[in-house]
Structures are given as structure tokens and as C-alpha cells.
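This report refers to the structure that appears directly beneath it.
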Amino acid sequence: MKPLHFSFTSKVAVGLGVILLLGMLSMLFIYRGLNTVDKTVDTLAEVEEPTSLAAYEMEINVNGIGLAVLKYLDDADPVYRAWASDDDMDFRRFHKQYTRLINTPLERALGEEISVLFEEFQRLATRLMETKDQQAGMFAQVTRNLEKMDRIIDTRIQPAIDRRGPNALPKVEESMKMEAAIAEMGLWTTAYQEESTTRYRRLIFIREQEFKHALARFQRLDLNQGNRKRVAVVQQMSDQTSVLVRDIVRLEDTLDENTARFVDLRFAMDNLLDDEIQILALDDLTIPRREADQAADAVIHTTSYLIPAYILVTIALGLLLIRLINQPLTRLMCGTNAIGGGNLDYRIDVRGGDEFTDLARDFNRMVEQLQATLVSKRLLETSEANLHSTVAELRHEIGERERAEQERARLQARLRRSETMSAMGALVAGVAHEVRNPLFGISSTLDAMGARFKDREDVHRYTSVLREEVDRLSRLMSELLDYGKPLAFQAGVEIVSRIETDLPELRLDKARLSQVFQNLLQNAVQHSLPGSAVSIEATAAAENEGAWISCAVKDSGAGLAEDDIERLFEPFFTRRRGGTGLGLAIVRRIVEEHGGVISAANRPEGGAVMAVRLPVEADDVSDGDSWRSAKS
């Protein structure tokens, strides 16, 4: 059974998947805790707080009705009656809200109890104000009767007394006593209306008796026909007034009794609201607050473990990925150094089953092919000894042939070195190209961690180690690239520069633009035949949209297929075997970041041309920008 191997890409994907999974689990735990807090806060805001508020509002309305009714009994101002009516409606509204929000049997029982008490309380309030209105009407009628009786005595009876007739003086005296008694009855009745005391009530009855005695004595005197009729009217009005006064006193007793019950009910409802309903409402407020605090503490406790675990796992996976990259690269570097030193018997130890393993196999296969095509050192020494022996014997005959053979030997040595360097250059370029992408991902992850945990010293201690290892790998890649740079010379291709001397300066990132033209020149050399030339041209141009510097890299190869031109700069598109298809995509991105454009076309005389146009003045480019000459 074939063993299961994981590619390097799969390992990186698994590592990133583990980091992502741990992050998602952490977010899930935090989300669940915050969701619990949110629910308890919603319960507090939507149920418990409105319930407590409704209980307080009911108490305020009960006290408001009690105060309004008592004030109305004091001075019968209609404002207080309207006040009591408004508080009644508010109480019923908040009681309805309270009944809708409560959910325990005890709370429902208390809600029904306060409702029963309030209905009786409201009936008494209505009865008290109606009794007060009835009593006020009686007071008004008593006052009108007394005024009318006084007016009859003053304007009708007294002027009709015959001052010269018999009993004239007693008639006048008794009529004046009646008038005085009526006046005092009116006085004490008004005082009793203002302050219903026993003293004022007794004085009213005393003056009533005085009036009746004076009226009886006046009736026993010899009266004329007109005064007898007038006295009868006064007598009738006096009897009616006596009845009204007694009704007023009876209503006052009723008011006192109902007022006492009214006050008792108000205190009963106030105590029920204070001591039971509001206490339960406060307890209901405490429970969700406690639950919210517990949920928040759980989230904080869980987070205190999850964040360090997430950081440690991320660092461990990062170190593991660096180890997975560093070990095979070190073996490849030793192999290239050994082959460069002429040791064609060196072979790289093949381990694992990822892309680096495949690369090591390809390296060993290339060395084997190279070794098979080259003459070993021993054979060369033997051939040279035989050649010298033959040349010594035939020196005088084949002098010119000896020089020709020596020249051929030098050309063969150059050819062998050229083939070796070409193969190594291709290998190194492939290795560097494949490794740069994982290094870029690791570097980006470290940048994100540095920005996220920049204030965490414990995180910085680990990320700095990772940064040093990534930088070391980057320097290693640079050395590999430097080792394989002389590509054009080994390929036998001449690079011709045609750059104007008076080009304007422009803002660019020199390192990144160097990468652009290095990639373009490398592609041009790879597609050119030995003995041909690759030219790079740079000219200044002014157009309506501004000033530009146009650069063109031209090769002498077979040119581009028409169907490939439109897709040439797409990521992962390549026609070259072993290529990744990322070189030209990266080139286009760098050019566009500098505000420029790049295009590809075929030359009429054969070969391809890559044209880059860069603006003379560009505002926003990569970090590290500086003014650089176009000739740089």
C-alpha cells in the first residue's frame, strides 16, 4: 500500500485551518457568553424594569388620587376633580401593564388584590366628591333661604307693623330678634362650611332655636292679615332650612366616615405596593442583573484562557512551518554548494513526500544527467597525456592542429561550465520562486499579529523569533537568486540598453521597480535564442493626461500566441513548463501600484515586447518611496 504523503501546501493549509478553527471556537464561546448577557439585559429592559416602574407609578397615582380628593373636599375646586380623574386613568394603564408583565402566582395574586382595593378606593373617591357637591348645593340653598327670609322680614314684615297700634314695640323687637337670628345662622353656616366643627354646628342649632322662638312669639302678637301671610311664608322657609341644615350635618358625618375609610384604603394600597409588590419587582430586577454579571464573568474567564492558547498554538504552528521550510532548503543549499565546487557525486537525501522532496529528486536527476554528459577528471587527464605524447611526436607536423585542439578543449570547458551554471540558475530560480509565496504568507501573518498584539510583550517575544527566522530565509533566497543571476551571459544573449540621457525624475520604489524589470528581462532572455539580443528602451512622452516615461523590453524569440496576450498577466497562467504563472501578475500589480500600466504585444520583425508606462508624478506609492531618476 502506497504511504500517504502530504504536500507542503497541504501542511500550510492544515496549519492555517487549525489556527482558524481555534479562532472560530474562541469567537463561538465569546459569542455565546455575550448572547446570554444580551438576553438577560433584554429581560431586564423589556420586562423587569417596566414591571418595577409600573409598580412605582401605581403608588404615585394612588397618592395623587388621595391628595386630589382631599383637596376637593376642602375647597371643591374642579381642578382637583380633573386631577383625580387623570390619576385614575394612569393607575389603570400601569396596572394593566403590570398585569401583562408579571408571571408568578404570587405577583398575579398581589395584582388582583391591589385591583380590588383600588376599585373600592375609586368608588369612595367618586362618592366623596359627589357628596361634597350635594352638600355644597345644600349650603347654597340654605344661604338663599336665609337671605330671602331676611329680605322678607326687613322689607315686608317690619314696614307693615303699625307703629301706633297695640303691641307695636314687641312686634318690632321680635322681628329684629328674628332678623338677628337669621344673620347669625348665615354666619355660622358659612363658618361650618369652611370648617365643619362641633362648635359651629351647635351655634347653628342654637340660632335656629332662637329664630323659631322669636317667630313663635311674633306670631302670638296681634298681626294684620298681610303679616300673617308673610310670617307663614317665613315659617315654611324656616322649616325647609332646618331640614337642609340637618341634611348638611348628616352628609358631613357621612363624609367623615367615608373619608376615614378612603384614607385607610389609601394607606392599605400604599403599604401593599411598598412592602410586597415593589419588593418583588426589585427582586426580579436583581436576578437578571446577577445572571448578566455571571455570564460576563464567564466570558472574561473563558477569554483569559482562549487568547493565550490561541497565541501559543499560532506560534507553535509558525515555528513548525519554518522548520518544514528551513530543513529542505538547507539540504538544497548544501547540494548546490557541492555541485558548484565540482563534486558531481553529491546527492541530496530524499525525505518526505512534499514539493521539496520532488525538488530534491529533480535535483539529483539533473546532477546525474549532468554527470553523464561531462567527461570525468580522470578521463580528461588520460586524454591530455595521450594528446601531449602524440603532439610531442608530431609537433613539427601538426603545430596548427595542436592549437586548434587546444582551442576546442577550452570551448568544451566553457560549454560544460555554461551548461552547469544554466541548470543551476534554473534550479535556483525555481526554488526561490516556490519558497517566496509561503514566506510572504508567514510574513503577512506576523505583520497582522504584530498589529493586533503590539502592546503584548509576551507575544512580541515569540513573534520577534519568528521574524528573525523569516528574515534569515529571505536572505537565503536572495543569496540563491544572486547565485543564479548571470542568466543572460550563460544563455549567450546580449542585453542592449537604449535609454535617453535627459529623462525627468519620477517617484518610485527602486527595489520593487528593479524586480519588475528583472522579471521582464529574465523572461525575455529565456525566450531568446543564443547569439540574439534583448533590448531595453526608455523614452519620455507628454500627452493630454500628463507626462510619462515609456519603457520597453524587446526580445528576439518566437513571439506570443495571440490567444495568450489577453491572459498573459493573469495569476497562475503560464506556458513554460515548471513555471508558476505568478511572475507577470506580480509585475502588473507593482506597476499599477505606481500609477502605471503594462501591456504585451508582438514585434513586426519577430519577438515580443513588454511596454511599461510610468507617470512622471505619482502621489501614492509603496512605503519607502523616494525621488529616483528614471535612469536608475
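Computed from the coordinates by the stated procedures, all read-outs in this text should not be read as laboratory data. Keep in mind that what you see is a predicted model, and the values were worked out from it rather than measured. Heads up, the Cβs are rebuilt from the backbone with ideal geometry, glycines too, and the neighbour counts pull from every protein chain shown.
Quick notes on this one:
- Residue pairs, from the table Lys71/Lys212; Lys148/Lys212; Lys132/Lys212; Lys148/Lys229, whose Cα atoms sit over 26 Å apart: Lys71/Lys212; Lys132/Lys212
- All-pairs Cα distance distribution in the stretch 82-166, expressed in whole percent, bin size 5 Å: 3, 11, 12, 12, 9, 7, 7, 6, 6, 5, 5, 4, 4, 3, 3, 2, 1, 1, 0
- Label-to-label distance, nm, for residues given as Ala611 and Met89 (7 Å Cα→Cβ offset): 8.3
- 3J(HN,Hα) along the stretch 87-102, derived from phi through the Karplus expression 6.51 cos²θ - 1.76 cosθ + 1.60 where θ = phi - 60°, amounts to 5, 4, 5, 5, 4, 5, 5, 6, 5, 4, 5, 4, 4, 6, 8, 6 Hz, with x in place of Gly and Pro.
- 20 Å cut-off, amide nitrogen to a point 7 angstrom out along Ala168 Cα→Cβ, residues in the stretch 219-251: 219-228
- For the stretch 127-134, 3J(HN,Hα) per residue [Karplus equation, 6.51 cos²θ - 1.76 cosθ + 1.60, θ = phi - 60°, Hz, x = Gly/Pro]: 5, 5, 5, 5, 4, 4, 5, 5
- Database remark: amide H of Ser532 closer than 5 angstrom to the amide H of Glu494 (H placed geometrically; neighbours at sequence offset of 5 or more, or on other chains; Pro and chain starts carry no H).
- Sequence-distant residues sharing a close amide H with Val597 (under 5 Å, placed H): Arg613
- Between Val14 and Arg472, the C-beta separation translates, for a Förster distance of 25 Å, into a calculated FRET efficiency of about 0.55.
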